[in-house]
C-alpha cells in the first residue's frame, strides 16, 4: 500500500503528555524522525556528502560525475538538512551539492520513483551521472522516474540545491518596484534538502494520485463519495487495468456499489479514471472540528494499491456566515512560520506535534499558517484532531510588473498545482489563497486574482478561495476597484484601527464573511509582553461586536528569523505568542482564554460535612466569537471529571462539582472531545 497516513508512536506521547515541552526539543535533535506519506517508501535519509559551490561552477564542471569530488573537501551531513543553520554557511545564498551512495538490485516490470517532499529552492538531480530532472519551488513535493538511470550494485544520487531566491523572478521573490528596496522578503531563505527524500517501487501501471470529493446531503444524512484516479501506464503496451475501490470505517470495509468508467490507457500515457458511490445515513459520519471523523479509501488499480484518509464535510459561505456542515462557525487562528533554533525550516515530527498541540490549545484552529505550505504531517494532525486551514502559494507582495509576467504566472501555477495535488484530500483544508499583500487595487492585481482563482477552481472546485489584502483598511471607495470582489470570503491583514477598518470592509462587501488573516503586535512594542496581551483582549472586544467576522489569525504564533527591515539585532521578529523555542508569553494564556468557545463562571460554593463540598459552575457556549456547537466536552476540577451537556452557541447550563479537602482554590479545565485543553481557570473556594 501507498500513502497510508501513519500516526506514529510519538503522537501517542503527544496525546498522553508523557514527553514534556522542555524535553522534546533537546532530546530529539540527535535523532529526528520525519513523517513520510508513503509507508512502503525506501528512505534515503541519513548520511550524505555535502559541499558548497559559491562560484556556481559545479554544473559546468560536471560535479555530478562519479568520482569527481574529493571527499576530503566535503562534509558529512544528515538529510533532511538545512545548510543555513550551520554557522559556517548561515548567510550563504547559492548552489550547494549533496551526494548519496546506495546499493540497488534492478527488477523487471517495475518502475522506481524518486520523491522529494521539499528542497529549497531550485533543484537539479542526477542519478549515476545522468540528469533525471529539475524543479523550482521550495515547499512543494516533486518526483522523477529513475528506473532507467538505476543499475545493479552501487548507485550515486547527486542533488544540487540553490537557495539564492530573493530575486525578482522567483516565487517567493523580492518586489520589483524600480525604487529603493531592502532586497529581502519577510522570512529566511533556508536552503537544502529540507524534507524527506525517498524511493518507491511501482508496477508498470500505477496510480500517481487520487482526488477524493465528498458531497454530503445534510438533510438526508447521506453522502456521495467520488474519486478521480490518475493512472500512469509506463509499460510498452496499452492497458485497461481492473479497478476496485474499498472504503473503510473504523477499519471495516463498507458495502458500497461503485460506478467506475473503464479506460484503455495507451503505452507511456496517463489517464483519469472516475468512480463514485453513495453512503447511507448509517454509513455517514461528518468531519468537523470536535468530531473529526475519518475514513480510509483504498484504490486498487491493477496490481497497485493506494490508500488515503478523507473526511466527509461541507464547507460553504452563506451571506456573512461561514458554514461547516450547515452550522455557522467563528474560530480563532494563528500564522505559523516554519522556523526553529538550530533547525531552520526543518520540521521533524516532534516539532510538528509540539506546534500543533500549542496552537490547538491556544484556540488557533482556523488559519492560513503562512505564505507557503508546511510539511504534510501538520495537515495529517489537523485532519485527525480538528483544524481549519487555508493553504497559500507564494505570491508575497508581487508587483504589477511581476504579476503580468508570463514566466512568473507559470511558476505560480506550477507551485499551486503541486500544493493542491498534495493537500486536496485533507478535510482540514477548506480554502486556498492565491497570495498575500499584493497590489489588489491595480489592474494587474485584479487580473491576477481573477485568473488564478479560475485556474485553481479547475484543479479543485470543492474549496473556497481568497487572498490576503493589506489595502482594504481604508481603500478603495468602491468594491469593484479591489480584487476581493472575486473571493468567497474577504481576508484582511489589519494592524491597528480594527473597528474602523472592519466596518469599512463590511460596507464594501456586505454579503461576504471577513477573515482577519493577520493582526497582532510585537512583544517588544509598547508595554512589552503585557502590552501585547492587552492588545489582544482589546481587539477581541471589537471583533465580538461584528457578526460578519468569522475568523482572526494572529501574526504570529511563533517568533521567526528574518532579514527584513525592522528585525531585531538578534535576527528575530518577536510577533509570537510563543518565543523561538516555543516558550509561552503572557499573550498565550490570554489568547487561550479569549479564543475558547467555553466560558466558566462560578455560581456558588457550599461547604459540606467531612470535607466534601459542592462547587456550582455556569458553563456557557459563547454566542458571539468564537462560536460553535459544543458536543462531548469534559470538565475537570481537581480529581473530578464531568461530561458537560451539549450546548448550542449562546446556551448555558450549571454543573455541580464535588470538591474534597480544604484547599482555598481549585484548578478547573475544559477539554475538547479530542482531548485537547480549551480553557482553564483557578476558582476561589469561598
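Here, each number is a calculation from the coordinates, and none is a lab measurement. All values reported here derive from a predicted model rather than from experimental measurement. Using ideal geometry, Cβ is built from the backbone for each residue, glycine included, and neighbour counts are taken over all protein chains shown.
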Sum of -39500 (n - 2.57) over DSSP H runs of 4+, divided by residues of the chain (222 nm, nearest 500): -5000 deg cm²/dmol
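Evaluate E = 1/(1 + (r/R0)^6) for residue 263 and residue 91, where r is the Cβ-Cβ distance and R0 equals 51 Å; express this FRET efficiency to the nearest 0.05. Intermediate results must be reported in sequence, preceding the final value.
On the way: r = 53 Å, r/R0 = 1.04.
Once rounded, the FRET efficiency stands at 0.45.
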Gyration tensor (alpha-carbon) shape descriptor, region 311-378, a/c threshold 1.5: prolate
For region 509-665, Kirkwood radius (reciprocal of mean inverse C-alpha pair distance, Å): 18.4
Gyration tensor (alpha-carbon) shape descriptor, region 66-155, a/c threshold 1.5: oblate
Using 7 Å Cα-to-Cβ label points, what is the residue 447/residue 208 separation (nm, one decimal)? 3.0
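Estimate the FRET efficiency between residue 66 and residue 40 by the formula 1/(1 + (r/R0)^6), using the beta-carbon distance for r and 25 Å for R0, to the nearest 0.05. Intermediate results must be reported in sequence, preceding the final value.
Working: r = 29 Å, r/R0 = 1.15.
Taking R0 as 25 Å, the efficiency between residue 66 and residue 40 is 0.30.
Report the far tail of the P(r) of region 32-202, meaning the percent of Cα-Cα pairs longer than 22 Å. Show your work: numbers first, answer last.
Details: 6431 of 14535 pairs.
Here the tail beyond 22 Å accounts for 44 percent of pairs.
Consider all pairwise Cα distances in region 91-142 and report the whole-number % of them above 16 Å.
Of all Cα-Cα distances in region 91-142, 54 percent exceed 16 Å.
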Could you compute the FRET efficiency for residue 168 and residue 542, with r as their C-beta to C-beta distance and R0 at 41 Å, rounded to 0.05? 0.60
Rounded to whole angstrom, the alpha-carbon centroid of region 146-185 lies from that of region 98-139 at a distance of 15
Can you give the log10 of the normalised intensity I(q)/I(0) at q = 0.16, 0.22, 0.26 Å⁻¹, computed with Debye over equal Cα scatterers of region 598-684? -0.60, -1.05, -1.38
Angle in degrees between helix 443-459 and the longest Cα principal axis of the chain, rounded to the nearest 10: 80
If every alpha-carbon in region 528-567 counts as one equal scatterer, what log10 I(q)/I(0) does Debye give at q = 0.26, 0.29 1/Å? -0.98, -1.05
Classify region 151-245: rounded, prolate or oblate, from the alpha-carbon gyration tensor (a ≥ b ≥ c, eigenvalue square roots; a/c under 1.5 rounded; otherwise prolate if a/b is larger than b/c)? oblate
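Using per-residue counts of other Cβ atoms within 10 Å, averaged over each peptide, order 393-400, 659-666, 198-205 from highest down.
Working: 393-400: 23.9, 659-666: 13.0, 198-205: 18.6.
With the highest mean Cβ count within 10 Å placed first, the list reads 393-400, 198-205, 659-666.
What ranking do 363-371, 235-243, 337-345 get when scored by the average of other Cβ atoms within 10 Å per residue, highest first? Could the numbers behind the result be given before it?
Working: 363-371: 26.3, 235-243: 14.4, 337-345: 21.9.
Listed from highest to lowest mean packing, they are 363-371, 337-345, 235-243.
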Under a plain spin-label model, where a point goes 7 Å from the Cα along Cα-to-Cβ, how far apart in nm are residue 660 and residue 636? 1.7
Multiplying the sequence separation of residue 601 and residue 270 by 0.36 nm and subtracting their Cα-Cα distance, what value in nm do you get? 113.1 nm
Roughly speaking, what is the centre-to-centre gap between region 543-592 and region 252-315 when only Cα atoms are used, to the nearest Å? 39
Taking 0.36 nm per intervening residue step and subtracting the Cα-Cα distance, what contour gain separates residue 280 from residue 217 on full extension? 21.7 nm
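How high is the relative contact order of the chain, in percent, counting Cα pairs under 8 Å that sit 6 or more residues apart?
Values: 1617 pairs, mean separation 73.5, N = 686.
Averaging sequence separation for qualifying contacts and normalising by length gives 11 percent for the chain.
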If you line up the Cα atoms of region 329-594 on their principal axes, what length do they span on each, largest first, in Å? 43, 40, 38
Please report, in whole Å, how far the alpha carbons of region 205-313 spread along each principal axis, starting with the longest. 49, 21, 21
The alpha-carbon center of region 456-499 and that of region 389-438 are separated, in whole Å, by 15
Square roots of five times the C-alpha gyration tensor eigenvalues of region 437-594, ordered largest first and given in whole Å, equal 30, 19, 15
Counting only backbone N atoms under 16 Å from a point 7 Å out along Cα-to-Cβ of residue 612, the residues of region 655-686 in range are 656-662
Between residue 488 and residue 564, what is the label-to-label distance in nm when each label sits 7 Å out along the Cα-to-Cβ direction? 2.7
